[in-house]
Amino acid sequence: MYQALLTRRYLTSKLMPLLAMAAVLLSVATILITWSVMGGFLNTLLNSGRTLIGDAYIAWPNVGFAHYEELSDRLEEHPRIEAAAPVIETYGMVRLPDDRVELIQVSGVDVESYTRVTGFGDTLWWKPLDKPARKDKQRRDLRVAPDNRPILQRFLDQGMAMERPDPETGLVLPAGILGIEVTGLNYRTAGGIYLPLNPTRNTPTGDFESLEMFMPRNGSISLTLLSLDSTGKPTDPVSRVMPISNEFQSGIYEVDSKTLIAPRDVIQKMLRMDEARRIDPDAAGGAFDYEVDPDTGQLRPAAPKAEIVDPARVTTLLIRGVPGSTPEEIREIAEEIYEAFATRHAGEVPDPFAIQIATWEDRNRTMIAAVKKETALVLVIFGIICFTTVFLVLAIFWSMISEKTRDIGILRALGASTAGVAWLWLRYGAAIGVVGATLGVVTGWLIVHNINGIHDWMGETFGLVIWDPRVYYFVEIPREVEPVKAAIVFTAGVMTCVLGAFIPALRSARMDPVKSLRFE
Amino acid sequence: MMAQADQAEESGTAFLRVEHLHKTYKLGRVPVPVLHGVELSVNKGECVAILGASGSGKSTLLHLCGGLDRPDRARNGNPRPSIVFDGKDIARAGKRELDRYRSHDVGFVFQFYHLLPELTVLENVTVGAMIRYGRFGYMAKRGECNERARALLESFGLGHRLKHRSSQLSGGERQRVAIARALINDPEMLLADEPTGNLDRNTGGAILDAIFEHRERTGLTVLMVTHDEAIAERADRVVRLVDGRVEGGGSGVPSGVDRPESGIGAGQSASGAPVR
C-alpha cells in the first residue's frame, strides 16, 4: 500500500522520473513509427503483388499445358475458389516509339477472367477521376479535368476491351496495355501522378522534332516473341505491331517498367500455342495417295484421312480464393484438382509432381524476403538504440535510490521488508514505464496517422522530402498502426523500465537500514 | 521502580532483557568494537534513559534493541547474545520476524525526525499502519487508521497541519509528527534516539512532555537514548554507557540521583512528567 502512495508521490514530485518517462516515450514512439511504416510498406507491397497474381497459380513455363479451360472450370466449381484465369507468360522484345528496344515480360490474358482474378481494371491509369489524389495539391492530374473525361472514358473502355480502332482504317485491332513506366513517356510528379511528356528527337537535318505521342491515343509498339513448339524447341521469332490502348500502374516498379499485357489469343497465335491441326502419320493413306475428283473426274492428291488436333495451351493459370481463404489453402485445393485433371489427361498435360503449383508469396519470395529482412534489420537497429533506455532508467533509478537512501532506512525502521522496498522501486519503474509507454504509443499513433501531413509540412517548410513518390512507388507513406504491434511495443516499453529498475531495486533491498538512516 | 527492576531481573520477567551484547563495526578493514557485552533489562511501562557520550554505543544499542541491526555472534568463549522482548529473542529472529517486530511491537523516534518529504503530515503517520497491515489489511482498516492518526496528531497539537508537507513544519512539529508515526501502531515500546537532540531546550521540553503524557495515558515502555543528563533525569532509570559498557551493570541507577540543577529536567517539565 505504501508503495502505491510513494509511487504516486515520486511520480508527481520529481524531475528525474520525467526524464525516464521521456526516454521511454521516445523509444516506444520511434519503434512504433518504424514498425508501422515498414510493416505498412511490406503490406502494401504484398497487396500489390496479390492484385497482380491472385492467391495461387499453376504454371508450366514456356511450353504450356493444354485443356486449360477444363481445368479452369473445375477450379471455379470449387466453393473456396472465386475465379481462375488462363494466362500466357513469356518474355519478348519491344521496340518503343523512340526506337529503343527493351526486353519485356508479356502476359497474354483474357480480360474478363483476368479482371476477376487480379483486379486488373483498377490498375489502369488513364481513366476519368472524380477527385484528385490527396498529394496532387497543384491539381495537375489530367484525369480530373472535366474536359478530358470523354477521351479518358474511351481509354478506359478500350483498356478493358484490350482493343483500339485504327485511326486510318477505323478497324478495331487487338491492343496491349503497357506498364506505365515502360515507355519513359510519362513523368511522375512529386504528387505521385503521371503526366505525359512531349519528347523531342533529332532529325537528319539537325533540327529537333517534337513527338506528339500519347500511347493510348496513337502509340504502338513492335513486339517480337520467340515461340517454342509443343516439345519445347524454339521456332522462328514472330513480330507484330501492337497498338496500346491504355497503361497500368500496379505500384511495383519492377512490374510497371517491364510488363506488357496483351490479348491472350494474339499471344497464343504468335507463340503458336493456339489450337493446331495436323495429319496423323499413323492413319491409313499416305502423302502420295490419289483420289478421283468427282467434279472433274481427274486424279488429285487424296485428302488426309485422319487429323490430330493439338489443343491450345497456356503457361499459367492464376487462381483467386473466396474472401477469407488463405493462399496456402487455395494452393492445396489447386494441387488436388490438378492431380485429378492430370489423371484424366495422362500424357497430354504435365505430371502433377512436375508442374509448378504455388502461392503468390512463393512466386515473390525473394522480393518479399528482402523487404521483410529490411524491416527486421531496421527494427533490430532501432531496438538496440532504444535498449539504451534500460541503462538510462537504470542510471536514473540508481541516482534516485542514492538520493532516497534515508527514506529506505525510514521504511525499514517502520517494518518494511526487503521485498517490500524492492517492490516499491520495481513498481515505480513499472509506473514510469506504463505512463511513458502509453504516451509513446499515443505519440507514435498520432505521428503515423498524420505522417503524410507531417511529411508534406517538412517538405514545404524545410525542403526535406524523405518519401519521394518518384523513388518509392507508393504515393503515400503507409499510415496504419496495428493494435497487436502497438501492444507489443507498449509491453516492451514497460519491460524496459522494469528491467532498468531491477538492479537499483535489488540494491535498495540490500541496504543496511542503520547505514541508510545515517546516510547524508 | 528500582526495586521493581531488580525484582524483575531476579525473577526473569523483564519486558526487555539484553544480555552479552557485542557489536563491532568495520571501518574499511579495521574492526571498531562499539559494544562490549552490554547487559540491560527494562520492565513493562518503564522509561529507561541510556546516557552516554558521543561514540559510547548508545544508538547502536537502541538499533539492536529495535531489531534494525544484529549483534555479533558469540566468539572466543563469550556467551551467546540475546535480546529478549516479551519472551521472544529477537537476536535470533529471522528477517520476517524482525520486520514484524519493528512494525508491531516497537516504534522509533529519531533525532533528525526522518519524515518522508513527499508525504503530507497525515500520510507520514499512516505510512506506518500501511506497512503493518499490508495492502488489503490497510484497505479494511483505512478509516480506523486515519482516525487514529488524526487523533494522535491532534493530541500533539498538529490537527491543523494534516495536509502540510514536512518541509512546511518547524523542527518541533516535525518531531511530534515522528512521534505520532511511531505510535500509530500502538507499539509496546518506544525507542527514542536523541529525540530532542536537534531542538532548542523549550521545544525539546515540549517534545518530552508529549512523550511522557502519552506514556502516562497508555503505560508505554520507553527506551530513550540521550547524552543530556537533564533529559535523562526525567526517566525512571538511567543507564550509563561508557565505551560500550554499561556502567554499574544493566540495572542502572534511578533518576534523580545527582540531578543537575538546570536543563530539561523536572524543573522545566511543564507537564509534570512522572519522576519516580
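The values are calculated or read from the model by the stated rules, or taken from the named source; none is laboratory data. Everything numeric in this text was worked out from a predicted model, so none of it was measured. Note: ideal-geometry Cβ built from the backbone for every residue, glycine included; neighbour counts use all protein chains shown.
Some notes on this structure:
- Here the stretch A:334-371 is the region considered, the condition is being among the β-branched types (Val, Ile, Thr) and more than 24 Å from the chain's Cα centre (by Cα), and the residue that is modelled with the lowest pLDDT is A:VAL349.
- Within the stretch B:185-234, the residues that satisfy the criterion of being within 14 Å of another protein chain (Cβ to nearest Cβ) and either free of Cβ contacts under 8 Å to residues at least 40 places away in the same chain or among the acidic types (Asp, Glu) (or both) are B:ASP186, B:GLU188, B:ASP193, B:GLU194.
- Search result, residues across the stretch A:377-422 that are among the small types (Gly, Ala, Ser), away from chain B (no Cβ under 14 Å) and under 30 Å from B:ALA178 (Cβ atoms): A:SER399, A:SER402
- One residue stands out in the stretch B:102-111 among those that are crowded, with 22+ Cβ neighbours inside 10 Å and part of a helix (DSSP H, G or I): the one that is nearest to the other protein chains (Cβ to nearest Cβ), namely B:SER103.
- Residue selected from the stretch A:1-46 under the condition surrounded by fewer than 17 Cβ atoms within 10 Å (Cβ to Cβ) and small (Gly, Ala, Ser), by the criterion nearest to the other protein chains (Cβ to nearest Cβ): A:SER13
- Candidate set from the stretch A:481-519 (those that are touching a Lys or Arg at 6+ places or on another chain (Cβ under 8 Å) and at pLDDT below 85); member that is nearest to the other protein chains (Cβ to nearest Cβ): A:PRO513
- Considering (1) more than 19 Å from B:VAL222 (Cα to Cα); (2) within 14 Å of chain A (Cβ to nearest Cβ); (3) at pLDDT 85 or above, the lone condition that B:HIS160 does not fulfil carries the number (2).
- The lone exception for A:GLY64 - which of (1) surrounded by fewer than 17 Cβ atoms within 10 Å (Cβ to Cβ); (2) touching a Ser or Thr at 6+ places or on another chain (Cβ under 6 Å); (3) on the phi > 0 side of the Ramachandran plot it fails: (1)
- Of the residues making up the stretch B:34-50, none is more than 14 Å from chain A (Cβ to nearest Cβ) and without any contact (Cβ under 8 Å) to a residue 40 or more places away in the chain.
- Residue among A:ALA334, A:ALA346, A:ALA342 that alone is crowded, with 19+ Cβ neighbours inside 10 Å, without any contact (Cβ under 8 Å) to a residue 40 or more places away in the chain and closer than 30 Å to A:THR315 by Cα: A:ALA342
- Residue list for the stretch B:142-179, filter: of a type in the set (A, V, I, L, M, F, W, C), free of Cβ contacts under 8 Å to residues at least 40 places away in the same chain and not in a helix (DSSP H, G or I): B:LEU158
- Once the stretch A:419-462 is narrowed to residues that are buried (at least 18 other Cβ atoms within 10 Å of the Cβ) and among the β-branched types (Val, Ile, Thr), the residue that is modelled with the lowest pLDDT is A:ILE451.
- Against the list (1) touching a Leu at 6+ places or on another chain (Cβ under 8 Å); (2) touching a residue at least 60 places away in the same chain (Cβ under 8 Å); (3) surrounded by fewer than 22 Cβ atoms within 10 Å (Cβ to Cβ), the condition B:ALA182 fails is (3).
- The number of residues in the stretch B:112-150 being more than 7 Å from chain A (Cβ to nearest Cβ), crowded, with 24+ Cβ neighbours inside 10 Å and touching a Phe, Trp or Tyr at 6+ places or on another chain (Cβ under 9 Å) comes to 2.
- For the stretch A:376-386, the criterion of a residue being touching a Lys or Arg at 6+ places or on another chain (Cβ under 7 Å) and either under 30 Å from A:PRO513 (Cα atoms) or buried (at least 19 other Cβ atoms within 10 Å of the Cβ) (or both) is satisfied by no position.
- Test for B:GLY77: is it more than 19 Å from the chain's Cα centre (by Cα), free of Cβ contacts under 8 Å to residues at least 40 places away in the same chain and either under 30 Å from A:ARG427 (Cα atoms) or assigned to a loop (DSSP other than H, G, I, E, B) (or both): yes
- A:ILE58 buried (at least 17 other Cβ atoms within 10 Å of the Cβ) and in contact with a strand residue (DSSP E or B) (Cβ under 9 Å, 6 or more places away or on another chain): yes
- Top-ranked residue in the stretch A:463-480 [being at pLDDT below 75, surrounded by 13 or more Cβ atoms within 10 Å (Cβ to Cβ) and more than 15 Å from the chain's Cα centre (by Cα); ranked as nearest to A:VAL37 (Cα to Cα)]: A:TRP467
- Filtered by the rule that a residue be surrounded by 22 or more Cβ atoms within 10 Å (Cβ to Cβ), over 21 Å from B:PHE156 (Cβ atoms) and out of contact with any helix residue (DSSP H, G or I) (no Cβ under 9 Å at 6 or more places or on another chain), the stretch B:214-238 gives a lone residue, B:ALA232.
To keep it simple, each residue is scored yes or no on (1) at pLDDT 85 or above; (2) over 20 Å from the mean Cα position of the chain (by Cα).
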residue: A:LEU42; (1), (2): no, no
residue: A:THR51; (1), (2): no, no
residue: A:GLU69; (1), (2): yes, yes
residue: A:ARG74; (1), (2): yes, yes
residue: A:GLU77; (1), (2): yes, yes
residue: A:GLN105; (1), (2): yes, no
residue: A:VAL109; (1), (2): yes, yes
residue: A:TYR114; (1), (2): yes, no
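- The single condition among (1) modelled with pLDDT of 90 or more; (2) more than 30 Å from A:GLU209 (Cβ to Cβ); (3) not hydroxyl-bearing (Ser, Thr, Tyr) that A:ARG139 does not satisfy is (1).
- Members of the stretch B:24-56 found to be buried (at least 24 other Cβ atoms within 10 Å of the Cβ) and part of a loop (DSSP other than H, G, I, E, B), listed by number: B:GLU46
- Number of the exception - A:ARG320 against (1) surrounded by fewer than 16 Cβ atoms within 10 Å (Cβ to Cβ); (2) charged (D, E, K, R); (3) touching a Gly at 6+ places or on another chain (Cβ under 6 Å): (1)
- Per-region count, the stretch A:132-147, residues assigned to a helix (DSSP H, G or I) and either in contact (Cβ under 8 Å) with a residue 12 or more places away in the chain or of a type in the set (Ser, Thr, Tyr) (or both): 3
- Selection status of A:LEU129, outside any helix (DSSP H, G or I), in contact (Cβ under 8 Å) with a residue 40 or more places away in the chain, touching a Lys or Arg at 6+ places or on another chain (Cβ under 7 Å) and of a type outside the set (S, T, N, Q): no
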